[in-house]
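A quick write-up on the structure given underneath.
What follows draws every value from the coordinates through simple rules; no lab data is involved. Please read all numbers here as calculations on a predicted model, not as lab measurements. Because the Cβ atoms are built from the backbone with ideal geometry, glycine has one as well, and the counts that use them run over all protein chains shown.
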Amino acid sequence: MKRIETEAIVIGGGATGAGTLRDLSLRGVRAVLIEKSDIASGTTGRNHGLLHSGTRYAVNDLESARECIRENKILKKIARHCIEDTGGLFVTLPEDDPSYHGKLIEHCKYAGIRCEEVSVQEALRIEPNLNPNILAALRVPDGTIDPFRLTSANVLDAQERGATVLTHTGVSGIIREGDRAIGVRCRDRRTGVELEVFGGIIVNASGVWGQEICASAGIALRMFPSKGSMVIIDYRINNVVVNRCRVPSDGDIIVPGDTVSLIGTTSKKVEYDKIDEITVDEDEIATLLESGEKLIPNVSRTRVLRAYCGVRPLIAVSGEMDGREISRGIVLIDHERRDSVGGLITIAGGKLMTYRLMAEMAADLACAKLKVRKKCRTQKTALPGSERKLDQAKSVKFFTGIPNSVVGSTLYRHGQRIRNILHREKRNYGLICECEMVTEGEIEYALKKLNVKDIVDLRRRTRIGMGPCQGQLCAYRAAGLFVKYDSATSAESNKMLVDFLEERWKGIKPVLWGDALREVEFCYWIYQGLFGLGDVRFPEEGEDR
Amino acid sequence: MRYDCVIIGGGLSGLTCGIRLAEKGARCAVISTGMSALHFSSGSIDLFGNEGEGKIVFRPFEYLEKFIGSNPLHPYARCGSSRVREALFYFRDQLDLEDIDLYNNDDANHFHVTTLGTLKPTFFSQRSVFNEKIRLAFEKKSKIAALNFEGYRDFYPELAVINLKRNVLFRNIEISSGKILYPDYGDPQRNPFEYRSIDIARIFDTERYLEDLAAQIRTAAGDAAFAAMPAFLGITNFKRHHQLLQQLTGLLIYEIPTLPPSILGMRIDNALKSRFAALGGVYIAGDTVRGGTIAGGRLESVFTENGGSSALYAGSFVLASGSFFSGGLVSEFSRVREPVFGLRVYSHAERSKWHAQEFFPRNGHPFLEFGVETDERFNPLTDDGQRLGNLYCTGALLPHYNPIREGSGGGVAVSTGYRAAELILAGNR
Amino acid sequence: MIKLENISFDHCIKCTVCTIYCPVARATHHFPGPKQSGPDMERLRIKSPGLLDDSLKYCTNCKRCEIACPSNVKIADLIQSSKWRYFRKAFRVRDFFLARTDLMGGVATRASFLVNFFIKLFPVKFFLDRFMKIPSERRFPRYAQGTFRAWYKKHRKEQEAFAEKAVYFHGCYVNYNNHDLGKDVVTVLNAMNVGVIVTDEKCCGVPLIANGYIDKARKNALFNIESLARSASESGARIVSASSSCSFALKHEYPNLLELDNSAIFDGLDYITRFIHERFEKGNVPAMGPVPVRAAYHSPCHLERMGGVMNTIEVLKKIPGLELTILHSECCGIAGTYGFKKEYYKVAQKVGDELFKRIERANPEIVITDCETCKWQIEMSTPYRVEHPVTVLARAIDGKKL
């Protein structure tokens, strides 16, 4: 059995886990991150990517609102390439309670959120696709944030500072020595190799799955899972975040995210033992599209690319209420104090917006336990790629000869790291994913530097297969490149091609009508009718190695 | 404008029908919204390849005899197996006139190799995919070299070789892989890492580069007897240049269908259009039929997007507008409809039953079996139950068969297209 | 707001078929093809106009991608409109003049012999090439002396006497360069007992659109729609045009690209061979003598897009003695003013190469085509004379030598 010794162990590769890993690394603490799937594959990657201004919480949860606006300002400095400062609107529809508008203004004042009333005309100028029948509008400093990029940048920075990252590695148990947790037992889910990692402190940052981790250490911790569903539409139907100005409910936000827009969100209670099997329900899609259309009428004429859902990591504090009413506040648990189990802390609750703050809190406690006296530096230290302000025109000039669309898209995704990716060799900027302008060079970089183990991972780092065709042309090409760059054997490549298309299918299935169905027919025709991928026989593990 | 027959849809089925009609002297027009699904096909004509549950059909005509009895709604059942045979061989003869030779393994299916090295049973294939020489060389377990252009992003031989090597049929056959380089043809701006099969097909269509390419293939193939390459060996000069390449290299040059566009399919598309035109058929491209006038159980005329109010009149009409992909069927949030005439459609009321749970299910996706309901003469019903006696539905528009699961798409398109032509001709006599 | 008519890119399912049929992508590797420049890039342009690639300027707007598209995506419209939606318009003297065919024509026809003489002189060509970036290899169409309208004025009375009439949109080419074609239209229609009405018109807008003068194009379009609709409703006549590109603009570019409502003229407007063919079908065929000529017919891209090619072919087939070869449909490359620009000249010629070769193989005495710019391109690039189908028809009717 493989054995790793380190100072700190972080369980969970979501934004909080990755942020904690980075925070610790910045303080000089050696750390190992263990993630059962891919980074940002859980709740982190399954939200609508809103860079909250806090306005949404201002009326119900002032504390969260204040946290949001504080972190909003910090992230705009340290994570430039993961963020778009689009601005946001809160619009009142004819059927909405008009008094909420005034209430929101007032509470934003308490929270310190710059919230400005704009005329309907002005709102339509800011966002021309908006429903022209709105009655009132507010402008707020909402923005968008890409959770995949954010998490990946945190991990990359940590790794460059010496941290170790084990993805696709599941924790099978906490190793205890008396009343202390001293390490974790885990298994590489791809190779089957078992290993043990020992460290002075274990940070459980596994979100909703933290209940299982605690259970394996003999600790009772109850999560309150609540499902949120969203749909993605084919193109960026709005350039400004559009919120509905009413008491939070289903389908009241449309967020532009890179080349697409997302309509969010629903809220449904789910049983804890079902959290890995949740799917989007038919009625949720209908609700989201109906409400979305009220905000932006073009929604009804646009292709829906996919639907997906995530589980909110709320800790049940008291009673059983609707998921939305529970505070999304941060919960930091020192299990030494709570459960008399040393060496283990849990960080949970919160939201993507406050990942950095949560990481800071977890790392502060971890460092205290490790007796490391270093201050948190994540408020000021920019993430890799975000060191300087992004200037598209300059980059385009620097890379003369390479199409603007390629330069712009690469810069957008990787910030300053574009210099490590693009160069003027034709192979480097040959397009692989034609919808999202992902080049062979970007894939090579991701394979070598960004902990990519399969095409699904590659998608999270690059947006390959996230455009209208959902991987129809690029999935096969990407599978080929895994072999070309020695990142997989031919047999593994075949398998990951199936896995990738099945993963895409999960999100397409609930929205299978119209052009999405045509696209699927075509894609299925290519991969089954033409390639016979469904007929490929995958031998038992090890047979081909 | 008046024609004897107006055919809506210019794909495999519509053109087969048009050729048969035009050959018999009917004045025909084909109206096609865009290019047909042939552009993405394997370029082989499948008849019936799979029974389901992974069982392969080896003798398709024999299989059809009993299959038809238990599947009376299947388009083949409505044609009858002897007519299916007649249609397929008619089709082969027509392509032959356009210099596309199709080969069959007598009455048995043969396999063609896919991009991922799986084998697909099919009935007719082009000269670079199946013929007697290929069969003999394969039986002799001759060595195969899988070749590709350096930097071509749409083919990775390694992914195919691993699957071929696992196949019992390829046991004891040596397979190597190798690279060849694009000829220098003078435009330094192009990024060869973005070539599509069509760009390379144009290189092969130009005689100038053939010797250089042949020399490279010869070297890269080493002592192999086969050079297997992605299908990009030209379109317009394919037959001649394929022969020439085989002479120059002394190898059997084999083609594997690629990511779209499919050169193998385009050859058939070109040949069919050219044959149709030679017989005096009118091909109207880039126009969409929007509706028609129906009176007394007959379709009198159709009007198109470009034509505006001026209609196209004909004695008979054929609807060969394809499946969802080609726009023959349209799916909405909660229903499936036929967009031109609002014909009665076979589908499921519940959307969640349109598809299987996996993307690669054992028994295919139900939506592939949706289509326009017809009687045994391929006449459809309008939504209000009126039978249209002079409108014939053919090809992928038809329900009750699964082209991908069965491996029957090409055969159904050809035989129903041909059958519609025969019915129209019989009606006129 | 993204206009609803313009979101056809949303239907693109990335089948790549348009890239096969793009003559520009085949001729030059600078152009990444219609799929990428159109629907793919449109999503990126909506996200950020900074992601716009210059390469889309190579598109000639031949519309072959739209003919090929199985998803009804208005690919060429997307590319064309990007030119003015996203590029900041830099004023170019050359483009200004190339775009204003009526202004140039109005001036040149006053002293056409001088213009025609000067434009062939080396120093003039040198100047144009060097400073205006109009390639010296490019041959210019000759200007006529006076205008077609002036000729028509003298014949208006007799035309108005016919019981059935057609409103004739003659276009700039007939007015300033080739009166004979206009007269041939009159000959043919008169032989079919149809009188010809000429009403007020402005340049259809094709060169304006191609050079990004959208406001001017819209102004002209509104004028034409109004004028033609009025004239047609007064006389109860249909509207015809003998230029395939003018008719395409009037019928399809106005609504699709300029986003104007042309329903007042849409149904009444025909490219001339459709008008003639429909009447032929109904038995209104004029007496024709033989035209014993070996001809090759080239179908212009915009007529292909309109679906009008079969009408021309059917009409030509009716001419006794005419030995007709139908050339495989290829783009000639000139694309209006495109081939007049130095930066595109080579591409234009390469695009046309396939057509030129096919013409040579057909070895005709003349080439027939419906489009005036195709005519210029073929006459410049091959040794063959090019005639309009209506001209050939007129010779069959009046018995004069072709």
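Using Cβ-Cβ distances only, list the Cys residues of chain A with no partner cysteine under 4.7 Å, sorted by number.
Cys with no partner Cβ under 4.7 Å: A:CYS68, A:CYS82, A:CYS186, A:CYS214, A:CYS245, A:CYS309, A:CYS367, A:CYS376, A:CYS435, A:CYS469, A:CYS523.
Sequence-distant or interchain residues sharing an amide H contact under 5 Å with C:GLU164, placed H: which?
Answer set, sorted by chain and number: C:GLY195.
If you put +1 on each Lys and Arg Cβ and -1 on each Asp and Glu Cβ, how big is the dipole of the protein assembly as shown around its Cα centre, in Debye rounded to 20?
On the way: 184 positive and 164 negative charges, 799 e Å.
Charge dipole of the protein assembly as shown: 3840 debye, to the nearest 20.
From the phi of every residue in segment A:103-120, what ³J(HN,Hα) in whole Hz does the Karplus formula 6.51 cos²θ - 1.76 cosθ + 1.60 yield, where θ is phi - 60° and glycine or proline is x?
Those phi angles translate into 4, 5, 4, 4, 5, 4, 4, 4, 7, x, 9, 6, 10, 10, 6, 10, 6, 4 Hz.
Evaluate the relative contact order of chain C (contact order divided by residue number), counting alpha-carbon pairs under 8 angstrom at least 6 apart; express in whole percent.
Details: 670 pairs, mean separation 60.5, N = 402.
For chain C, the relative contact order is 15 percent.
Just to confirm the number: angle between the C-alpha axis of helix C:148-160 and the first principal axis of chain C, 0 to 90 degrees, nearest 10?
50 degrees
Do any trypsin sites (Lys or Arg not before Pro) in segment C:1-87 lie in a loop, going by DSSP, with at most 15 other beta-carbon atoms within 10 Å of their beta carbon, and if so which? Can you show the working numbers first?
Values: sites: C:LYS3, C:LYS14, C:ARG26, C:LYS35, C:ARG43, C:ARG45, C:LYS47, C:LYS57, C:LYS63, C:ARG64, C:LYS74, C:LYS83, C:ARG85; in loops: C:LYS3, C:LYS14, C:LYS63, C:LYS74.
Passing sites in segment C:1-87 are C:LYS3.
Using the Karplus curve 6.51 cos²θ - 1.76 cosθ + 1.60 with θ = phi - 60°, work out ³J(HN,Hα) for each residue of segment C:229-236 in order, rounded to whole Hz, and write x for Gly and Pro.
With the stated coefficients, segment C:229-236 comes to 4, 5, 4, 5, 6, 4, 9, x Hz.
Using modelled backbone amide H atoms (1.01 Å from N, in-plane), which distant-in-sequence or interchain residues come within less than 5 Å of B:GLY10's amide H?
Under 5 Å from the amide H of B:GLY10 lie the amide H atoms of B:THR33, each far enough along the sequence or on another chain.
Counting other Cβ atoms within 10 Å, keep those with at most 12, restrict to DSSP loop, and tell me which chymotrypsin sites (Phe, Trp or Tyr not before Pro) in segment C:87-126 are left.
Values: sites: C:PHE87, C:PHE91, C:PHE96, C:PHE97, C:PHE113, C:PHE117, C:PHE118, C:PHE126; in loops: C:PHE87, C:PHE91.
When the chymotrypsin sites (Phe, Trp or Tyr not before Pro) of segment C:87-126 are filtered for loop state and at most 12 Cβ neighbours within 10 Å, C:PHE91 remain.
Take the alpha-carbon centre of segment B:38-91, take the same for segment C:356-395, and report the distance between them in whole Å.
48 Å
Counting other C-beta atoms within 10 Å, and keeping those with at most 14, which DSSP coil GluC sites (Glu not before Pro) do you find in segment B:34-113? Write out the running numbers ahead of the final one.
Numbers: sites: B:GLU51, B:GLU53, B:GLU62, B:GLU65, B:GLU86, B:GLU98; in loops: B:GLU53, B:GLU98.
Passing both the DSSP loop test and the Cβ count: B:GLU53.
Kindly write out, for segment B:108-125 in residue order, the coupling ³J(HN,Hα) from the Karplus curve 6.51 cos²θ - 1.76 cosθ + 1.60 (θ = phi - 60°), rounded to whole Hz, with x marking Gly and Pro.
Going residue by residue, I get 9, 6, 10, 9, 10, 8, 9, 4, 9, x, 8, 10, 10, x, 8, 9, 10, 9 Hz, with x marking Gly and Pro.
Could you work out the percent of alpha carbon pairs in segment C:287-398 separated by over 18 Å, rounded to a whole number? Show your work: numbers first, answer last.
On the way: 2890 of 6216 pairs.
Here the long-distance tail beyond 18 Å is 46 percent of all Cα pairs in segment C:287-398.
May I ask for the net charge around C:ALA221, where only other residues with Cβ less than 9 Å from the Cβ of C:ALA221 are counted and Lys, Arg are +1 while Asp, Glu are -1? Working shown, then result.
On the way: positive: C:LYS202, C:ARG218, C:LYS219; negative: C:GLU253.
Every neighbour counted, the sum reads +2.
Please state, rounded to one decimal and in Å, the Kirkwood hydrodynamic radius that the protein assembly as shown gives when every pair of distinct Cα atoms enters the mean of 1/r. Display every interim value, and only then the final one.
Numbers: mean 1/r = 0.0294 Å⁻¹.
The answer is 34.0 Å.
As a footprinting exposure proxy, order A:ILE74, B:ILE68, C:ILE378 by other Cβ within 10 Å, with the fewest listed first.
Values: A:ILE74 14, B:ILE68 17, C:ILE378 25.
Ascending number of Cβ neighbours within 10 Å: A:ILE74, B:ILE68, C:ILE378.
Which order do B:SER81, A:SER64, A:SER99, C:SER247 fall in if you start with the one that has the fewest other Cβ atoms within 10 Å?
Values: B:SER81 19, A:SER64 23, A:SER99 9, C:SER247 26.
Sorted ascending by nearby Cβ count, the order is A:SER99, B:SER81, A:SER64, C:SER247.
Filter A:LYS426/C:LYS357; A:LYS394/A:LYS484; C:LYS83/C:LYS120; A:LYS294/A:LYS351; A:LYS103/A:LYS294 down to the pairs with a C-alpha to C-alpha distance above 24 Å, please. Please list the in-between numbers first.
Details: A:LYS426/C:LYS357 33 Å; A:LYS394/A:LYS484 32 Å; C:LYS83/C:LYS120 32 Å; A:LYS294/A:LYS351 27 Å; A:LYS103/A:LYS294 22 Å.
Distance filter (> 24 Å) returns A:LYS426/C:LYS357; A:LYS394/A:LYS484; C:LYS83/C:LYS120; A:LYS294/A:LYS351.
I need B:TYR3, C:TYR271, B:TYR63, C:TYR21 ordered by Cβ neighbour count within 10 Å, fewest first. Before the final figure, lay out the partial values.
Details: B:TYR3 20, C:TYR271 28, B:TYR63 17, C:TYR21 25.
Going from sparsest to densest Cβ surroundings: B:TYR63, B:TYR3, C:TYR21, C:TYR271.
Provide Rg and Dmax in Å for chain A, with only Cα atoms included in the calculation.
22.9, 68
Can you give me the Cα centroid spacing of segment A:59-87 and segment C:137-202 in angstrom?
Value for the Cα centre distance between the two parts: 69 Å.
Give me the percent relative contact order of segment A:430-535, please, defined on Cα pairs under 8 angstrom at least 6 residues apart. Provide the component values of the computation, followed by the final result.
On the way: 100 pairs, mean separation 22.9, N = 106.
For segment A:430-535, the relative contact order is 22 percent.
Taking a threshold of 28 Å on the Cα-Cα distance, which of the pairs C:LYS346/C:LYS375; A:LYS269/C:LYS14; B:LYS24/C:LYS400 fall above it?
On the way: C:LYS346/C:LYS375 18 Å; A:LYS269/C:LYS14 38 Å; B:LYS24/C:LYS400 39 Å.
Exceeds cut-off: A:LYS269/C:LYS14; B:LYS24/C:LYS400.
Nearest 5 is fine: what % of DSSP beta bridges in the protein assembly as shown come out antiparallel, could you say? Before the final figure, lay out each step's value.
Values: 81 of 157 bridges.
Beta bridges within the protein assembly as shown, antiparallel portion: roughly 50 percent.
Return the long-range amide H neighbours of A:ARG176 (sequence gap of 5 or more, or a different chain), with a cut-off of under 5 Å between placed amide H atoms.
Amide H neighbours of A:ARG176, under 5 Å, 5+ apart: A:ILE182.
What Kirkwood hydrodynamic radius, in Å, does chain B give when the mean of 1/r is taken over all pairs of distinct Cα atoms and then inverted? Present the calculation step by step, with values, prior to reporting the outcome.
Numbers: mean 1/r = 0.0443 Å⁻¹.
Value: 22.6 Å, from the Cα pair sum.
Mind checking the angle between helix C:272-281 and chain C's longest principal axis? C-alpha axes, 0 to 90 degrees, to the nearest 10.
Between helix and principal axis, roughly 50 degrees.
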